[in-house]
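Everything below concerns the one structure shown next.
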Amino acid sequence: MADGGPVEHGYPHLETVRSAITALYKRLSYDTVHTFDTSVAPADVAFCDQDDLHLGAQRVAREMVRHLRLPDARVIVSFRAMEHAASVELAAGPEYFIELNDRFRHHRRDIGAALAHEVMHVYLHRLGLSFPGTRANEILTDTATTYLGAGWLLLDAYREDGASSQKLGYLTPEEFGYVLAKRALVFGEAPETWFTSAQAYTAYTKGLARARHDGQQPPLTAAGWAGRRRYAKDRRYALDHGTGPRDGGPYAFSRPDAAGPLRVSFACPTCHQRIRLPARGRTRARCALCRTLLDCDT
Ligand SMILES: [Zn+2]
Ligand SMILES: [Zn+2]
(Lines give C-alpha, C1' and ligand atoms only; values in the text may rest on other atoms or scores of the structure.)
(Ligands and ions follow the chains in the order given, each with its own letter.)
Protein backbone atom coordinates (compact mmCIF):
# COMPACT_ATOMS: atom_id res chain seq x y z
CA MET A 1 0.00 0.00 0.00
CA ALA A 2 1.41 3.36 -1.03
CA ASP A 3 1.39 6.60 0.87
CA GLY A 4 3.07 9.98 0.70
CA GLY A 5 3.31 12.53 -2.09
CA PRO A 6 0.79 15.21 -3.03
CA VAL A 7 -2.86 14.15 -2.77
CA GLU A 8 -4.48 13.57 -6.16
CA HIS A 9 -8.12 14.63 -6.53
CA GLY A 10 -11.02 13.98 -8.88
CA TYR A 11 -11.85 10.77 -10.74
CA PRO A 12 -8.76 9.67 -12.74
CA HIS A 13 -9.39 5.95 -12.04
CA LEU A 14 -13.16 5.92 -12.50
CA GLU A 15 -13.25 3.38 -15.35
CA THR A 16 -11.13 0.88 -13.39
CA VAL A 17 -13.22 1.50 -10.25
CA ARG A 18 -16.41 0.73 -12.18
CA SER A 19 -14.87 -2.40 -13.73
CA ALA A 20 -13.89 -3.48 -10.22
CA ILE A 21 -17.50 -3.19 -9.00
CA THR A 22 -18.72 -5.24 -11.99
CA ALA A 23 -15.99 -7.84 -11.35
CA LEU A 24 -17.01 -8.13 -7.69
CA TYR A 25 -20.64 -8.88 -8.59
CA LYS A 26 -19.53 -11.37 -11.25
CA ARG A 27 -17.10 -13.23 -9.02
CA LEU A 28 -19.09 -13.10 -5.76
CA SER A 29 -22.69 -13.12 -7.08
CA TYR A 30 -25.52 -10.88 -5.93
CA ASP A 31 -26.19 -13.09 -2.90
CA THR A 32 -22.64 -12.97 -1.56
CA VAL A 33 -22.29 -9.22 -2.12
CA HIS A 34 -25.49 -8.80 -0.11
CA THR A 35 -24.09 -10.75 2.85
CA PHE A 36 -21.89 -7.64 3.33
CA ASP A 37 -24.85 -5.42 4.12
CA THR A 38 -23.29 -4.23 7.38
CA SER A 39 -20.06 -2.24 7.42
CA VAL A 40 -17.24 -2.64 9.91
CA ALA A 41 -18.43 -0.64 12.92
CA PRO A 42 -16.26 2.23 14.19
CA ALA A 43 -16.24 0.74 17.72
CA ASP A 44 -14.91 -2.62 16.45
CA VAL A 45 -11.74 -1.11 15.03
CA ALA A 46 -11.17 1.70 17.55
CA PHE A 47 -7.54 1.83 18.64
CA CYS A 48 -6.39 4.26 21.29
CA ASP A 49 -2.89 5.19 22.42
CA GLN A 50 -3.32 3.33 25.72
CA ASP A 51 -3.89 0.01 23.91
CA ASP A 52 -0.97 -2.38 23.60
CA LEU A 53 0.39 -1.87 20.08
CA HIS A 54 0.78 -5.50 19.04
CA LEU A 55 -2.27 -6.90 20.81
CA GLY A 56 -4.34 -4.02 19.42
CA ALA A 57 -3.11 -4.53 15.84
CA GLN A 58 -3.86 -8.27 16.09
CA ARG A 59 -7.33 -7.52 17.44
CA VAL A 60 -8.13 -5.16 14.54
CA ALA A 61 -6.70 -7.65 12.02
CA ARG A 62 -8.93 -10.39 13.48
CA GLU A 63 -11.92 -8.07 13.11
CA MET A 64 -11.12 -7.63 9.39
CA VAL A 65 -10.71 -11.40 8.96
CA ARG A 66 -14.07 -11.92 10.70
CA HIS A 67 -15.76 -9.26 8.56
CA LEU A 68 -14.54 -10.94 5.35
CA ARG A 69 -15.38 -14.41 6.68
CA LEU A 70 -11.94 -15.92 6.30
CA PRO A 71 -12.39 -18.33 9.24
CA ASP A 72 -9.11 -20.23 9.00
CA ALA A 73 -6.91 -17.28 7.99
CA ARG A 74 -4.39 -16.26 10.64
CA VAL A 75 -2.97 -12.79 10.14
CA ILE A 76 0.29 -11.90 11.87
CA VAL A 77 1.02 -8.18 12.03
CA SER A 78 4.48 -6.68 12.55
CA PHE A 79 6.03 -3.23 12.27
CA ARG A 80 9.21 -2.17 10.50
CA ALA A 81 10.84 0.76 8.76
CA MET A 82 9.71 0.65 5.11
CA GLU A 83 8.99 2.88 2.16
CA HIS A 84 5.37 1.85 1.73
CA ALA A 85 2.57 2.17 4.26
CA ALA A 86 1.98 -1.58 4.50
CA SER A 87 2.42 -4.85 2.67
CA VAL A 88 1.21 -8.43 2.83
CA GLU A 89 2.86 -11.66 1.80
CA LEU A 90 0.38 -13.61 -0.33
CA ALA A 91 1.37 -17.20 0.30
CA ALA A 92 -0.70 -20.39 0.45
CA GLY A 93 -1.94 -19.64 3.97
CA PRO A 94 -3.49 -20.19 6.43
CA GLU A 95 -0.93 -17.77 7.94
CA TYR A 96 -0.50 -14.38 6.31
CA PHE A 97 2.19 -11.91 7.35
CA ILE A 98 1.32 -8.23 7.20
CA GLU A 99 3.97 -5.58 7.77
CA LEU A 100 3.01 -2.06 8.75
CA ASN A 101 5.22 0.99 8.47
CA ASP A 102 6.85 1.96 11.76
CA ARG A 103 5.06 5.29 11.69
CA PHE A 104 1.78 3.51 12.57
CA ARG A 105 3.27 2.94 16.04
CA HIS A 106 2.38 6.61 16.60
CA HIS A 107 -0.62 6.84 14.24
CA ARG A 108 -2.66 4.05 15.68
CA ARG A 109 -6.02 5.34 14.60
CA ASP A 110 -5.07 4.57 10.97
CA ILE A 111 -4.02 0.97 11.61
CA GLY A 112 -7.58 -0.21 10.86
CA ALA A 113 -7.44 1.45 7.43
CA ALA A 114 -4.10 -0.12 6.55
CA LEU A 115 -5.23 -3.56 7.73
CA ALA A 116 -8.55 -3.30 5.86
CA HIS A 117 -6.64 -2.92 2.58
CA GLU A 118 -4.07 -5.65 3.32
CA VAL A 119 -6.61 -8.22 4.52
CA MET A 120 -8.64 -7.51 1.34
CA HIS A 121 -5.53 -8.56 -0.62
CA VAL A 122 -5.77 -11.92 1.16
CA TYR A 123 -9.50 -12.17 0.40
CA LEU A 124 -9.07 -11.41 -3.33
CA HIS A 125 -6.03 -13.72 -3.49
CA ARG A 126 -8.15 -16.57 -2.14
CA LEU A 127 -10.95 -15.75 -4.58
CA GLY A 128 -8.47 -15.73 -7.45
CA LEU A 129 -9.76 -12.30 -8.45
CA SER A 130 -7.14 -9.87 -9.78
CA PHE A 131 -6.67 -7.19 -12.43
CA PRO A 132 -3.60 -7.17 -14.68
CA GLY A 133 -0.87 -4.78 -13.52
CA THR A 134 -0.05 -3.56 -10.03
CA ARG A 135 -1.88 -0.26 -10.34
CA ALA A 136 -5.19 -1.72 -11.58
CA ASN A 137 -4.94 -4.48 -9.00
CA GLU A 138 -4.50 -1.96 -6.18
CA ILE A 139 -7.53 -0.01 -7.45
CA LEU A 140 -9.50 -3.28 -7.43
CA THR A 141 -8.34 -3.89 -3.84
CA ASP A 142 -9.37 -0.41 -2.61
CA THR A 143 -12.70 -0.64 -4.46
CA ALA A 144 -13.46 -4.10 -3.03
CA THR A 145 -12.47 -2.99 0.49
CA THR A 146 -14.84 -0.05 0.22
CA TYR A 147 -17.73 -1.79 -1.51
CA LEU A 148 -17.68 -4.67 0.98
CA GLY A 149 -17.83 -2.41 4.03
CA ALA A 150 -14.33 -1.74 5.39
CA GLY A 151 -13.05 1.01 3.09
CA TRP A 152 -14.67 3.95 4.84
CA LEU A 153 -11.64 3.65 7.16
CA LEU A 154 -9.34 4.32 4.20
CA LEU A 155 -11.26 7.47 3.31
CA ASP A 156 -11.30 8.57 6.95
CA ALA A 157 -7.49 8.31 7.03
CA TYR A 158 -7.38 11.22 4.57
CA ARG A 159 -6.61 14.43 6.46
CA GLU A 160 -5.25 17.79 5.51
CA ASP A 161 -4.27 20.74 7.58
CA GLY A 162 -2.28 23.83 6.61
CA ALA A 163 1.11 22.13 6.89
CA SER A 164 0.58 18.50 6.00
CA SER A 165 -1.64 15.99 4.29
CA GLN A 166 -2.10 12.29 4.65
CA LYS A 167 -3.92 9.77 2.52
CA LEU A 168 -3.84 5.99 2.29
CA GLY A 169 -4.63 3.82 -0.69
CA TYR A 170 -4.70 4.30 -4.45
CA LEU A 171 -8.09 5.90 -5.01
CA THR A 172 -8.49 9.64 -4.71
CA PRO A 173 -10.61 10.84 -1.76
CA GLU A 174 -13.49 11.57 -4.16
CA GLU A 175 -13.23 8.07 -5.66
CA PHE A 176 -13.34 6.51 -2.21
CA GLY A 177 -16.39 8.70 -1.56
CA TYR A 178 -17.93 7.54 -4.83
CA VAL A 179 -17.56 3.81 -4.07
CA LEU A 180 -18.73 4.32 -0.50
CA ALA A 181 -21.79 6.17 -1.83
CA LYS A 182 -22.54 3.42 -4.38
CA ARG A 183 -22.51 1.00 -1.45
CA ALA A 184 -24.64 3.32 0.71
CA LEU A 185 -27.25 3.61 -2.07
CA VAL A 186 -27.51 -0.19 -2.38
CA PHE A 187 -27.60 -0.98 1.35
CA GLY A 188 -29.35 2.13 2.65
CA GLU A 189 -26.38 3.07 4.81
CA ALA A 190 -25.56 6.55 6.09
CA PRO A 191 -21.78 6.62 6.55
CA GLU A 192 -21.75 10.42 7.04
CA THR A 193 -21.64 10.05 10.82
CA TRP A 194 -18.62 7.72 10.91
CA PHE A 195 -15.99 10.19 9.72
CA THR A 196 -13.54 11.79 12.12
CA SER A 197 -11.90 13.69 9.25
CA ALA A 198 -13.64 16.79 7.87
CA GLN A 199 -11.89 16.34 4.48
CA ALA A 200 -13.13 12.77 4.28
CA TYR A 201 -16.68 13.94 4.88
CA THR A 202 -16.40 16.53 2.09
CA ALA A 203 -14.96 13.93 -0.31
CA TYR A 204 -17.86 11.62 0.55
CA THR A 205 -20.49 14.25 -0.29
CA LYS A 206 -18.76 14.85 -3.66
CA GLY A 207 -18.62 11.13 -4.37
CA LEU A 208 -22.27 10.78 -3.41
CA ALA A 209 -23.29 13.43 -5.96
CA ARG A 210 -21.28 11.59 -8.61
CA ALA A 211 -22.84 8.24 -7.68
CA ARG A 212 -26.36 9.72 -7.88
CA HIS A 213 -25.45 11.15 -11.28
CA ASP A 214 -24.95 7.55 -12.54
CA GLY A 215 -28.64 6.91 -11.90
CA GLN A 216 -29.73 10.03 -13.79
CA GLN A 217 -28.43 9.19 -17.27
CA PRO A 218 -30.72 8.44 -20.21
CA PRO A 219 -32.38 6.13 -21.04
CA LEU A 220 -33.19 5.94 -17.29
CA THR A 221 -36.39 7.88 -16.62
CA ALA A 222 -34.61 9.70 -13.76
CA ALA A 223 -32.51 11.52 -16.38
CA GLY A 224 -32.92 15.27 -16.50
CA TRP A 225 -34.78 17.18 -19.17
CA ALA A 226 -31.67 18.09 -21.20
CA GLY A 227 -30.41 14.51 -21.18
CA ARG A 228 -33.78 13.10 -22.29
CA ARG A 229 -34.03 15.66 -25.08
CA ARG A 230 -30.52 14.78 -26.34
CA TYR A 231 -31.40 11.09 -26.11
CA ALA A 232 -34.56 11.55 -28.20
CA LYS A 233 -32.53 13.34 -30.86
CA ASP A 234 -29.80 10.66 -30.91
CA ARG A 235 -32.46 7.97 -31.10
CA ARG A 236 -34.09 9.60 -34.13
CA TYR A 237 -30.69 9.71 -35.80
CA ALA A 238 -30.06 6.06 -34.93
CA LEU A 239 -33.45 4.99 -36.33
CA ASP A 240 -32.34 6.46 -39.68
CA HIS A 241 -28.71 5.32 -39.63
CA GLY A 242 -28.67 2.15 -37.49
CA THR A 243 -26.10 3.59 -35.03
CA GLY A 244 -25.90 6.65 -32.84
CA PRO A 245 -24.32 9.94 -33.93
CA ARG A 246 -21.55 9.71 -31.32
CA ASP A 247 -19.73 7.05 -29.37
CA GLY A 248 -18.40 7.06 -25.85
CA GLY A 249 -21.47 8.65 -24.24
CA PRO A 250 -23.60 7.05 -21.54
CA TYR A 251 -25.49 4.99 -24.16
CA ALA A 252 -24.95 3.49 -27.62
CA PHE A 253 -27.43 2.45 -30.31
CA SER A 254 -27.07 -0.52 -32.60
CA ARG A 255 -29.13 -2.65 -34.91
CA PRO A 256 -27.40 -6.03 -34.86
CA ASP A 257 -29.88 -7.50 -37.34
CA ALA A 258 -30.72 -5.22 -40.29
CA ALA A 259 -34.40 -6.16 -40.17
CA GLY A 260 -34.61 -6.21 -36.36
CA PRO A 261 -35.41 -3.48 -33.87
CA LEU A 262 -33.01 -0.75 -32.85
CA ARG A 263 -31.33 -1.52 -29.53
CA VAL A 264 -29.72 0.68 -26.93
CA SER A 265 -26.97 -0.34 -24.53
CA PHE A 266 -25.95 1.49 -21.37
CA ALA A 267 -24.22 0.79 -18.07
CA CYS A 268 -26.26 -0.39 -15.10
CA PRO A 269 -26.10 2.52 -12.64
CA THR A 270 -25.41 0.11 -9.75
CA CYS A 271 -22.92 -2.49 -11.05
CA HIS A 272 -21.91 -1.00 -14.46
CA GLN A 273 -22.63 -4.20 -16.35
CA ARG A 274 -23.86 -3.35 -19.88
CA ILE A 275 -27.64 -3.56 -20.26
CA ARG A 276 -29.16 -4.03 -23.73
CA LEU A 277 -32.79 -3.18 -24.45
CA PRO A 278 -34.92 -2.63 -27.55
CA ALA A 279 -35.28 1.14 -28.15
CA ARG A 280 -39.05 1.36 -28.14
CA GLY A 281 -40.31 3.49 -25.25
CA ARG A 282 -41.17 3.09 -21.58
CA THR A 283 -39.99 -0.14 -20.09
CA ARG A 284 -38.89 -1.61 -16.79
CA ALA A 285 -35.89 -3.94 -16.78
CA ARG A 286 -33.93 -5.74 -14.12
CA CYS A 287 -30.13 -5.95 -14.23
CA ALA A 288 -29.28 -9.65 -14.42
CA LEU A 289 -26.08 -9.16 -12.40
CA CYS A 290 -27.04 -6.90 -9.46
CA ARG A 291 -30.86 -7.16 -9.76
CA THR A 292 -31.41 -3.41 -9.74
CA LEU A 293 -34.81 -2.47 -11.14
CA LEU A 294 -34.36 0.04 -13.94
CA ASP A 295 -37.15 2.36 -15.09
CA CYS A 296 -36.25 3.36 -18.61
CA ASP A 297 -37.61 5.32 -21.53
CA THR A 298 -35.68 3.82 -24.41
ZN1 LIG B 1 -2.18 -3.10 -1.78
ZN1 LIG C 1 -26.45 -4.00 -12.28
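Rank 206, 182 by accessible area, highest first, at a 1.4 Å probe radius? Mind showing how you got there, number by number?
On the way: 206 105, 182 10 Å².
Ranked from most to least accessible, the order is 206, 182.
Give the list, by residue number, of cysteines in the chain with no other Cys Cβ closer than 4.7 Å, or say none.
48, 296
Over the chain, calculate the relative contact order: mean separation of alpha carbon pairs under 8 Å at least 6 apart, over the residue count, as a percent.
Values: 507 pairs, mean separation 49.3, N = 298.
Relative CO of the chain lands at 17 percent.
Going from most exposed to least, what order do 121, 213 have by accessible area with a 1.4 Å probe? If you can, show how the numbers build up before the last one.
On the way: 121 20, 213 95 Å².
Sorted by accessible area, descending: 213, 121.
Quick one: work out the % antiparallel among DSSP beta bridges in the chain, nearest 5. Could you put the intermediate results ahead of the total?
Numbers: 21 of 28 bridges.
If I count the DSSP bridges inside the chain, around 75 percent turn out antiparallel.
So which trypsin sites (Lys or Arg not before Pro) in the stretch 55-161 are both in a DSSP loop and have at most 13 other Cβ atoms within 10 Å of their Cβ? Don't jump to the answer; show the numbers that get you there.
Working: sites: 59, 62, 66, 69, 74, 80, 103, 105, 108, 109, 126, 135, 159; in loops: 69.
Answer by residue number: 69.
What does the accessible area of residue 90 come to, in Å² to the nearest 10, when a probe of 1.4 Å is used?
Approximately 80 Å² of residue 90 is accessible to the 1.4 Å probe.
Between residue 230 and residue 198, what's the calculated FRET efficiency when r is the beta-carbon distance and R0 is 35 Å? Round to 0.05. Kindly include the intermediate steps, with their values, before the conclusion.
Values: r = 38 Å, r/R0 = 1.07.
It comes to 0.40.
Which percent of the accessible heavy-atom area of the chain goes to carbon and sulfur, probe 1.4 angstrom? Before the final figure, lay out each step's value.
On the way: 6960 of 14050 Å².
Of all accessible area on the chain, carbon and sulfur atoms account for 50 percent.
On the full set of protein chains, 1.4 Å probe, figure out the accessible area of residue 275 and give it in Å² to the nearest 10.
Looks like 20 Å² after rounding.
Between the stretch 44-118 and the stretch 151-223, how many Å separate their Cα centres?
With the stretch 44-118 and the stretch 151-223 each reduced to a Cα centre, they are spaced 24 Å.
Please state, to two decimals, what the Cα-based radius of gyration of the chain comes to when divided by 2.2 N^0.38 Å (N = residues). Write out the running numbers ahead of the final one.
Numbers: Rg = 21.3 Å, N = 298, 2.2 N^0.38 = 19.2 Å.
Taking N as the residue count of the chain, the ratio is 1.11.
Running a GNM on the chain with Cα contacts under 10 Å, which residue among 178, 251, 204 ends up with the highest mean-square fluctuation?
Ranking 178, 251, 204 by mean-square fluctuation puts 251 first.
Count charges around residue 40 for me, please; just the other residues with Cβ under 10 Å from its Cβ, Lys/Arg as +1, Asp/Glu as -1. All intermediate terms of the calculation are to be shown ahead of the outcome.
Numbers: positive: 66; negative: 44, 63.
So the environment of residue 40 carries a net charge of -1.
Taking the Cβ-Cβ separation of residue 26 and residue 163 as r and a Förster radius of 51 Å, what is the calculated FRET efficiency to the nearest 0.05? All intermediate terms of the calculation are to be shown ahead of the outcome.
Details: r = 44 Å, r/R0 = 0.87.
The formula returns an efficiency of 0.70 here.
Sorting 194, 152 by accessible area (1.4 Å probe), largest first, what list results? Write down the numbers at each step before the final one.
Numbers: 194 55, 152 10 Å².
Ranking 194, 152 by accessible area, largest first, yields 194, 152.
Using a Förster radius of 41 Å, what is the FRET efficiency between residue 72 and residue 8 based on their Cβ-Cβ separation? Nearest 0.05, please.
Details: r = 38 Å, r/R0 = 0.91.
The computed FRET efficiency comes out at 0.65.
Keeping every protein chain present and rolling a 1.4 Å probe, give me the accessible area per residue for the chain in Å². Intermediate results must be reported in sequence, preceding the final value.
Details: 14050 Å² over 298 residues.
With the other protein chains kept in place, the chain gives 47 Å² per residue.
For residue 59, what is the net charge nearby, where nearby means another residue's Cβ is under 10 Å from its Cβ and Lys, Arg count +1, Asp, Glu -1? Present the calculation step by step, with values, prior to reporting the outcome.
Numbers: positive: 62; negative: 44, 51, 52, 63.
Here the charged neighbours net out to -3.
The values are calculated or read from the model by the stated rules, or taken from the named source; none is laboratory data. Please read these numbers as outputs of a predicted model, since none were measured by experiment. Positions of Cβ are backbone-derived with ideal geometry, glycine not excepted, and every protein chain shown enters the neighbour counts. Just the protein is used for accessible areas: all its heavy atoms, side chains included, with ligands, DNA and RNA removed. Shrake-Rupley method; radii C 1.70, N 1.55, O 1.52, S 1.80 Å.
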